[in-house]
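Right, one structure below, let's go through it.
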Amino acid sequence: MPELARRFGGWYRKLGVPAPGSIQLRNVTAGYGGINVFSDLALDVRPGEFVYLVGPSGAGKSTLLKVLYGTVRPRRGSVFVDGVAVHRLHSWQTGKIRRRVGCIFQEFELLAHLTALENVLLPLQLAHPRIHDPQAYALDALELVGLKDKANEYPQTLSGGQQQRVAIARAIAHQPRILLADEPTGNVDSRTSSEIMELFHQLNELGGTVVMATHDEYVLSRFPARTIELQPGLLEAA
Ligand SMILES: Nc1ncnc2c1ncn2[C@@H]1O[C@H](COP(=O)(O)OP(=O)(O)OP(=O)(O)O)[C@@H](O)[C@H]1O
Ligand SMILES: [Mg+2]
């Protein structure tokens, strides 16, 4: 390991802050209203690792990803994502994590009145007002997912798989160190799902950390990686 990286790692350890690109959860309890979806959860993902979150419907995969993205605030415990103490962020500070992490939601939520390019560009401009040429970043991301020629089309004229790829371009346009993906192959055929997975593995090979929730047996067997299983029935009264 290069000397600087080694010293940098040591410095982080001394501060007690997990390194950039890593995820660390300790004793995390999260839920909604009167229920806890999971309690006392511990999780470590190393920088550059690829991890699947599995478990039956309702087990809490989406909830866990939302905790990592700062959308659901944990009731107890500590959550470090890319060196940021997410559990300490107030709701108005979640931009701090969104600037560092890319997220592909289960319902991919493209804005119907914006073109593919605008869907990628708008959140990029909001989160990163200082990027000099955001359009170039957005077009690069669309090119990476193979949709540069569809940049000026609206979501309703794109197939489900193409819309999913626009959502991926939106998540990676700011070149995040960590990518969170919630069943990104849930609504696409096996060919598109292989394309999406190859793209994720490319991002991973470039050094990105990927955490992906999935039910997709085809993906799990064809693209094996570490699997973290969330158990059902952990639901309990808060
Ligand atoms: N906004 C919410 N308000 C109240 N309860 C919720 C909310 N979102 C999820 N839940 C509940 O929390 C539990 C976990 O849901 P979650 O969406 O995290 O599961 P999941 O593992 O992602 O399931 P799936 O595989 O179907 O996507 C479920 O019992 C669900 O009903
Ligand atoms: Mg889910």
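Just so it is clear, none of the values below were taken in a lab; they were calculated from the coordinates. These figures come from a predicted structure and were not determined experimentally. Every residue, glycine among them, receives a Cβ derived from its backbone with ideal geometry; neighbour counts consider all protein chains shown.
Identify, by number, the condition in (1) within 25 Å of residue 47 (Cα to Cα); (2) over 12 Å from the mean Cα position of the chain (by Cα) that residue 152 doesn't meet.
Tallying (1) within 25 Å of residue 47 (Cα to Cα); (2) over 12 Å from the mean Cα position of the chain (by Cα), residue 152 fails exactly one: (1).
How about region 113-129: which of its residues are more than 27 Å from residue 67 (Cα to Cα) and assigned to a loop (DSSP other than H, G, I, E, B)?
113, 114, 115
Taking the condition of being surrounded by 17 or more Cβ atoms within 10 Å (Cβ to Cβ) and in a helix (DSSP H, G or I), how many residues in region 141-156 meet it? Break it down into steps so the answer makes sense when it comes.
Step one: filter region 141-156 for residues surrounded by 17 or more Cβ atoms within 10 Å (Cβ to Cβ), giving 141-142, 144-145, 147, 150-151, 155.
Next, from what is left, pick out any that are in a helix (DSSP H, G or I): 141-142, 144, 150, 155.
The total comes to 5.
Considering only strands (runs of 3 or more DSSP E) fully contained in region 166-236, which possess at least 1 residues that are charged (D, E, K, R), in contact (Cβ under 8 Å) with a residue 12 or more places away in the chain and more than 16 Å from ligand 1 (Cβ to nearest atom)? Reasoning before the result, please.
On the way: elements: 178-182, 209-213, 226-229.
So the answer is 226-229.
Take residue 111 and tell me if it is without any contact (Cβ under 8 Å) to a residue 40 or more places away in the chain and aliphatic (A, V, I, L, M). Step through it out loud before you land on a result.
Details: without any contact (Cβ under 8 Å) to a residue 40 or more places away in the chain: no; aliphatic (A, V, I, L, M): yes.
Taking the combined requirement at face value, the residue does not satisfy it.
Do we have any residue at all in region 157-180 that's more than 18 Å from residue 81 (Cβ to Cβ), surrounded by 14 or more Cβ atoms within 10 Å (Cβ to Cβ), of a type in the set (Lys, Arg) and under 12 Å from the mean Cα position of the chain (by Cα)?
yes
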